[in-house]
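Engineer: Take this structure first; my questions come after.
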Amino acid sequence: MEAAAAMEAGRKLAARHPHGRSRTAHNMSSSSLRKKSDAALVRKVPVAPLRPLLANLQEVFLATKLAVLFPAVPLAIAAQCFRFDQVWVFALSLLGLIPLAERVSFLTEQIALYTGPTVGGLLNATCGNATELIIALFALLKGKIEVVKCSLLGSVLSNLLLVLGTSLFCGGVVNLGARQPYDRNQSDVSTALLFLAVLCHSAPLLLRYAVAAGEHSVSATSASLDLSRACSFVMLASYVAYLFFQLKTHRQLFEPQEVDGGDAGDDDEEPALGFASALFWLALMTAVISVLSEYVVGTIEPTSQSWGLSVSFISIILLPIVGNAAEHAGAIIFALKNKLDITLGVALGSATQISMFVVPLSVLVAWIMGVQMDLDFKLLETGSLFMAVLVTAFTLQDGTSHYLKGILLLLCYIVIGACFFVARQPAGHANSNGALLDVPTGSMSVQAA
């Protein structure tokens, strides 16, 4: 059976890598939503040749607490094929992305068991935010630049304020009488990279205002594009340096510490799937995510009109919350267990990955596609990003946590969400490089819907 072969491969890998496999916080967060498969059910199947296939399907589709959401995937496809209301397609596609994102994390971890920690870490760095990247690529193909910008910005804000805030609050309430420490080294590295991201986003914005004020006699559009592409190369270079720092020279800073019995540092896990099987399912899951992402991008404007919400609000608030629900739930679960290093690794690691990898990659891919996407996320968006990074950095500076820190982060997220709720952007503006703010020379005005 494939399960037995996978276990034998795991023993061989353990002999090959005597120091074990270093699990990232992202892997461990997703693992909190998994459950063991019941092998007894498969053994009861009378046809022996079918047992390996059924065991494989059981491990992929049923070994997760989110299996109940899998029916949303075929329902979304059926709704699109039979031309149901676009709102149903949008809602079902979002629900279907939740278990798919968790399964992609599971499959990358399975592959990492065969490839070793370094290649596994690179694979996780590439696929860790596959949903956001795929949605961004489909939005670029459709020319919806504002959807790309808002969805990526929303993912960063969601991780820094909503996920981290909820985790610190819940962990603080449950562990009210206990000390809640965490390692500051990891958070210091992540917040430094996030401040670099804020600088790269601010530079094109400041340049545009300087040109509008008559301080420089250059074309604001072309100069902003050139500056954004240069900054994108800088951001990708810094992300490569960050990966080398994380996976090679200072790996110990990013390994979750063994706490309360050692379940946080389980390095002896054996593969549940064979390498070829895991690779096949990863490719298939990614393809299905691509289909649902295309549905989400194509139906976001009708949904915006039907719900009476702006495209920017849906992209910044709703898409990140639903798209990263599995990862977010895992972060909160570990905060409840007072394992804040894992929670910080998930929230800050995901925010760093999106800011320093997905965003600049989107700019460069848009350049190749002939789409004029820059790093100018406009004033409200860039200001929200700066304040989110600043508040998070101050919140994490002392190395201990309590529930009040979580409340403050959540309140910041509510205020930012309220800003985008009242700044209603017409749905048609998502198809261009337009923005919430029109800035004529010498003045600023908010464009009303």
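Engineer: Of the numbered conditions (1) closer than 26 Å to Val346 by Cβ; (2) touching a helix residue (DSSP H, G or I) at 6+ places or on another chain (Cβ under 7 Å); (3) of a type in the set (Val, Ile, Thr), Val218 satisfies every one except a single condition; which is it?
Structural biologist: Every condition holds for Val218 apart from (1).
Engineer: Also: Would you mind stating whether Glu294 is charged (D, E, K, R) and more than 23 Å from Leu152 (Cβ to Cβ)?
Structural biologist: In short, no.
Engineer: Among the candidates Ser362, Ser401, Ser384, which residue alone is modelled with pLDDT under 90 and touching a helix residue (DSSP H, G or I) at 6+ places or on another chain (Cβ under 9 Å)?
Structural biologist: Ser401
Engineer: Something else: For Leu194, all conditions in the list (1) open to solvent by 60 Å² or more (accessible area, probe 1.4 Å); (2) of a type in the set (A, V, I, L, M); (3) modelled with pLDDT of 90 or more hold save one; what is the number of the exception?
Structural biologist: (1)
Engineer: Another question about this same structure. Suppose we filter region 307-338 for residues that are at pLDDT 90 or above and surrounded by fewer than 19 Cβ atoms within 10 Å (Cβ to Cβ); how many remain?
Structural biologist: The total comes to 0.
Engineer: Further question on the same structure: Restricting attention to region 92-116, report how many residues are farther than 17 Å from Val60 by Cα and under 19 Å from the mean Cα position of the chain (by Cα).
Structural biologist: Residues flagged as farther than 17 Å from Val60 by Cα and under 19 Å from the mean Cα position of the chain (by Cα) within region 92-116 amount to 3.
Engineer: Might you check whether a residue that is over 26 Å from Leu94 (Cβ atoms) and outside any helix (DSSP H, G or I) occurs anywhere in region 341-350?
Structural biologist: No, region 341-350 contains no residue that is over 26 Å from Leu94 (Cβ atoms) and outside any helix (DSSP H, G or I).
Engineer: Would you mind stating whether Leu75 is over 20 Å from the mean Cα position of the chain (by Cα), open to solvent by 60 Å² or more (accessible area, probe 1.4 Å) and under 16 Å from Tyr295 (Cβ atoms)?
Structural biologist: Here the answer is yes, as Leu75 does meet what is asked.
Engineer: Still on this model: Spot the failing condition for Ala5; the list is (1) farther than 24 Å from Ile342 by Cα; (2) at pLDDT below 80; (3) in a loop (DSSP other than H, G, I, E, B), and only one is missed.
Structural biologist: Exception for Ala5: condition (3).
Engineer: Of all residues being surrounded by fewer than 21 Cβ atoms within 10 Å (Cβ to Cβ) and polar (S, T, N, Q) in region 81-136, which is modelled with the highest pLDDT? Just the residue, please.
Structural biologist: Gln86
The values are calculated or read from the model by the stated rules, or taken from the named source; none is laboratory data. Please read all numbers here as calculations on a predicted model, not as lab measurements. Quick reminder, even Gly has a Cβ in these numbers, built from the backbone with ideal geometry, and neighbours come from all protein chains shown. All accessible areas refer to the heavy atoms of the entire protein, side chains included, with ligands and DNA or RNA removed. Shrake-Rupley method; radii C 1.70, N 1.55, O 1.52, S 1.80 Å.
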